[in-house]
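Participant: Sharing a structure below in structure tokens format, with a few things to ask.
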Amino acid sequence: MPTFKIREDYIPFSPPSIGSEEIEAVVETLKSDWITTGPKTRKFEEAFAAAYGSPASLALNSCTAGLHISLATLGVGSGDEVITVAHTFCSTCNVIEHLHAKPVLIDIEPQTMCMDPKLIEAAITSKTKAIMPVHYAGHPADMDAIQAIADAHGIPVIEDAAHPVGATYKGRFIGSGPNLTSFSFYATKNLTTAEGGMLTGDPELIKIAKELSLHGMNRDAITRYQKGGSWKYEVVSAGYKCNMTDIQAALGLVQLGKMDAIYARRKHISDYYSARFAGCAALETPYESPDVRSSWHLYVLRLNLDELRIGRDEFIEELKARNIGVSVHYIPIHLHPYYRDKYQLTGDTVPVTDANFYRIISLPLSTKISDEEIAYVADAVLDIVALNSK
Ligand SMILES: *Cc1c(COP(=O)(O)O)cnc(C)c1O
């Protein structure tokens with residue numbers, strides 16, 4: 001193997017890719033007479049629903065808000081239980097806590113790292129009010145299996161769709177069904193508005209969610225302030241405040257138009273990494289089920305620790321020493337002190353999640369990263385393996 005030479009420039013994990021069209025769209029909005037929720041937000045909602053076949057859509061200030069509003073829309077409250085996975089970002093569970101309900105954490109399938117449908121039935125009680133799968137890394141969860149169990153028990157499903165914008169399950173886009181489905185447009189996500197989210201689903205549910213997202217008011221600001229609008233409104237619930245601004249929507253509309261190119265580039269990078277790592281006993285590349293198209297939000301490499309003399313944390317230090325930014329998605333819920341202590345959680349309750357955590361590394365993946373940079377990242381990973389194999 002040729003000797004590895006450390007580059008001078010740092011490769012960031014996931015830089016946002018903002019072009020001149022996005023900048024112009026934002027500036028144009030700032031110069032217009034309407035900067036908060038208004039015509040651009042409505043247009044973004046319509047364009048998103050048209051692109052992914054959503055029955056209805058509601059732009060919000062984050063995916064977290066979308067999940068929170070979804071639970072509130074379904075009336076989840078004190079003493080209720082929501083089944084979700086431990087292998088997720090904290091916000092999936094935090095919003096359950098915000099409504100004084102209990103997250104019931106189940107394990108994941110080893111291949112897809114998404115909710116294992118076989119474990120749902122045993123977790124259902126008379127208090128279960130929702131099931132919340134996460135489409136991890138952009139790979140859709142096994143929705144037909146999850147839906148069949150949910151329907152048999154009359155329990156609604158809320159989809160944490162922070163990752164899978166543009167992903168399909170059995171040919172259907174995530175967000176095309178009636179389940180409340182919450183997308184994220186956070187800075188590192190495939191489509192970004194800096195901060196933002198989109199909630200899709202059944203029109204009747206989205207109507208309730210929309211009211212809850214703006215103080216529980218039955219008329220929004222643009223309806224009141226436009227010519228001919230009435231100043232009158234009524235507060236019909238103690239709602240929240242998590243609407244999207246037209247500044248964000250202007251950015252989102254441009255990004256939405258680029259999603260085919262964004263998908264193609266992310267898939268190219270992921271395929272490249274997997275081709276480079278194929279056949280390396282110390283590395284397990286991501287799995288894509290034949291039923292789905294992943295959005296390739298994350299490239300999660302799994303180390304086969306039996307083959308290596310170093311652990312995951314040291315592996316990351318080696319990557320950092322080679323000027324590569326990586327991340328870990330996620331520190332599972334049962335290891336965070338708040339959840340661990342409150343619910344007395346141990347790794348034994350979610351063994352697959354727990355074992356995975358010590359093996360996972362998310363490699364740089366962004367449309368802003370060049371072919372030369374991904375080649376360097378692959379070289380670096382293989383260099384670390386070569387130096388540290390048993
Ligand atoms: C990013 C993320 C969220 C939260 O998204 P925000 O838009 O930042 O609120 C929720 N769940 C998962 C799995 C995420 O990765």
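The values are calculated or read from the model by the stated rules, or taken from the named source; none is laboratory data. Bear in mind that the values here come from a model prediction, so they are computed numbers and not experimental data. In this analysis, Cβ positions are derived from the backbone assuming ideal geometry, glycine residues included, and neighbour counts consider all displayed protein chains. Just the protein is used for accessible areas: all its heavy atoms, side chains included, with ligands, DNA and RNA removed. Shrake-Rupley method; radii C 1.70, N 1.55, O 1.52, S 1.80 Å.
Participant: What's the number of the condition Phe48 fails, among (1) closer than 25 Å to Leu199 by Cα; (2) open to solvent by 20 Å² or more (accessible area, probe 1.4 Å)?
Facilitator: It fails just one condition, (2).
Participant: Considering each residue of region 145-159, count those that are closer than 22 Å to Gly77 by Cβ, open to solvent by 10 Å² or more (accessible area, probe 1.4 Å) and touching a helix residue (DSSP H, G or I) at 6+ places or on another chain (Cβ under 9 Å), and give that number.
Facilitator: Selection size over region 145-159: 4.
Participant: If the Cβ limit is 7 Å and pairs must be 6+ apart or interchain, which residue in region 279-294 that is more than 19 Å from Ala264 (Cα to Cα) pairs with which residue that is in a loop (DSSP other than H, G, I, E, B)?
Facilitator: Ala281/Asn304; Ala282/Asn304; Leu283/Asn304; Glu284/Asn304
Participant: On to the next question. With respect to Thr37, determine if the residue is open to solvent by less than 40 Å² (accessible area, probe 1.4 Å), at negative phi and either modelled with pLDDT under 95 or assigned to a helix (DSSP H, G or I) (or both).
Facilitator: no
Participant: Let me ask something else. If a residue has to be under 16 Å from the mean Cα position of the chain (by Cα), assigned to a helix (DSSP H, G or I) and not hydroxyl-bearing (Ser, Thr, Tyr) to count, how many in region 263-300 make the cut?
Facilitator: Selection size over region 263-300: 1.
Participant: A further question follows. Residues in region 227-241: is at least one closer than 23 Å to Lys31 by Cα and in contact (Cβ under 8 Å) with a residue 24 or more places away in the chain?
Facilitator: no
Participant: If we scan region 228-244, do we find a residue that is at pLDDT 95 or above and not in a loop (DSSP other than H, G, I, E, B)?
Facilitator: yes
Participant: Inspect region 18-30 for any residue being within 16 Å of the ligand (Cβ to nearest atom) and either in contact with a strand residue (DSSP E or B) (Cβ under 8 Å, 6 or more places away or on another chain) or open to solvent by 50 Å² or more (accessible area, probe 1.4 Å) (or both) and give the result as yes or no.
Facilitator: Taking every residue of region 18-30 in turn, none turns out to be within 16 Å of the ligand (Cβ to nearest atom) and either in contact with a strand residue (DSSP E or B) (Cβ under 8 Å, 6 or more places away or on another chain) or open to solvent by 50 Å² or more (accessible area, probe 1.4 Å) (or both).
Participant: Quick one: Ala355 ticks every box in (1) assigned to a loop (DSSP other than H, G, I, E, B); (2) closer than 15 Å to Gln111 by Cα except a single one, so which number is it?
Facilitator: Here Ala355 clears every test but (1).
Participant: Something else about it: Restrict the check to region 234-250 and report whether at least one residue is open to solvent by less than 50 Å² (accessible area, probe 1.4 Å), closer than 27 Å to Tyr52 by Cα and of a type in the set (D, E, K, R).
Facilitator: yes
Participant: Hey, does region 255-277 have a residue that's in contact with a helix residue (DSSP H, G or I) (Cβ under 6 Å, 6 or more places away or on another chain) and within 22 Å of Ser32 (Cβ to Cβ)?
Facilitator: Yes; the residues of region 255-277 include at least one that is in contact with a helix residue (DSSP H, G or I) (Cβ under 6 Å, 6 or more places away or on another chain) and within 22 Å of Ser32 (Cβ to Cβ).
Participant: Out of Thr192, Thr200, Thr223, report the one residue that is in contact with a Gly (Cβ under 6 Å, 6 or more places away or on another chain) and within 16 Å of the ligand (Cβ to nearest atom).
Facilitator: Just one listed residue meets the conditions, Thr200.
Participant: Can I ask one more? Within region 105-144, which residues are within 25 Å of Gly75 (Cα to Cα), more than 18 Å from the chain's Cα centre (by Cα) and open to solvent by 30 Å² or more (accessible area, probe 1.4 Å)?
Facilitator: Leu119, Glu121, Ala122, Ile124, Thr125, Ser126, Lys127, Lys129, Asp144
Participant: Turning to a different aspect of this structure: Provide a single number: the residues in region 70-92 that are under 29 Å from Ala355 (Cα atoms) and crowded, with 24+ Cβ neighbours inside 10 Å.
Facilitator: The qualifying residues number 8.
Participant: Quick check: anything in region 369-377 part of a loop (DSSP other than H, G, I, E, B) and without any contact (Cβ under 8 Å) to a residue 24 or more places away in the chain?
Facilitator: Yes.
Participant: Also, I was wondering about something else. If you scan region 4-24, which residues turn out to be more than 21 Å from Arg265 (Cβ to Cβ) and not in a loop (DSSP other than H, G, I, E, B)?
Facilitator: Glu24
Participant: Considering region 170-183 alone, what residues qualify as being open to solvent by 10 Å² or more (accessible area, probe 1.4 Å) and touching a residue at least 12 places away in the same chain (Cβ under 8 Å)?
Facilitator: Result: Lys170, Arg172, Phe173, Ser176, Gly177, Pro178, Asn179.
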